[in-house]
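Step one of this worksheet: look at the structure below.
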């Protein structure tokens, strides 16, 4: 009989706290700039730009090409920085993906966060299981927006710089700056 009041207290606390913790995104984002560079255009590179989709909404458009099969020893990392002063200074955020083999990054970060968003606006790889090889070719993407499904429910306001870098046979740097603002409910 003593357990019933404790059980009711636990369930009530859980329900009360569940209503205080947001279960949907409290923020939205707007893309502000994008750029790409390569250390050797004869091996890999591309173009990227922002294209207007509608008022205040932009998507990524461009190409990414490899003139050789992507080697297994190519490495990649994703660093995410945040600025609270309009882009004057950026500090590294804990959401980064540490340097690892590019296929490991594609089979985790890309597959979990990017792939679903890229399905309807690009010919970037779509796969089940694991991606083992990317053959030499050119990929195209047009007015792509990344879904926020794989991101935290709460992010602080500010400018976020997402920097994707490769290391190895070619050094590609792809960078996008987005502005995160809180939604008004």
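The values are calculated or read from the model by the stated rules, or taken from the named source; none is laboratory data. As the structure is a computational prediction, the values presented were derived from the model and not from experiment. We place every Cβ from the backbone using ideal geometry, glycine too, and count neighbours over all the protein chains shown.
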Selection count, region 110-155, where residues are part of a loop (DSSP other than H, G, I, E, B) and out of contact with any strand residue (DSSP E or B) (no Cβ under 6 Å at 6 or more places or on another chain): 22
Pick from region 156-175, criterion outside any strand (DSSP E or B) and over 22 Å from residue 48 (Cβ atoms), ranking: modelled with the lowest pLDDT: 156
Single residue of region 134-150 satisfying the filter (in contact with a helix residue (DSSP H, G or I) (Cβ under 8 Å, 6 or more places away or on another chain) and farther than 22 Å from residue 36 by Cα) that is surrounded by the fewest Cβ atoms within 10 Å (Cβ to Cβ): 149
Per-region count, region 47-63, residues in contact (Cβ under 8 Å) with a residue 12 or more places away in the chain and either over 25 Å from residue 180 (Cβ atoms) or part of a loop (DSSP other than H, G, I, E, B) (or both): 3
Test: residue in region 86-96 that is under 27 Å from residue 124 (Cα atoms), modelled with pLDDT under 95 and not in a loop (DSSP other than H, G, I, E, B): no
Flag for residue 74 being at pLDDT 95 or above and touching a helix residue (DSSP H, G or I) at 6+ places or on another chain (Cβ under 8 Å): yes
Qualifying residue in region 64-72 (condition: out of contact with any strand residue (DSSP E or B) (no Cβ under 9 Å at 6 or more places or on another chain), free of Cβ contacts under 8 Å to residues at least 40 places away in the same chain and surrounded by fewer than 16 Cβ atoms within 10 Å (Cβ to Cβ)): no
Selection from region 33-46 of residues that are within 22 Å of residue 103 (Cα to Cα) and touching a residue at least 12 places away in the same chain (Cβ under 8 Å): 36, 37, 38, 39, 40, 42, 43, 44, 45, 46
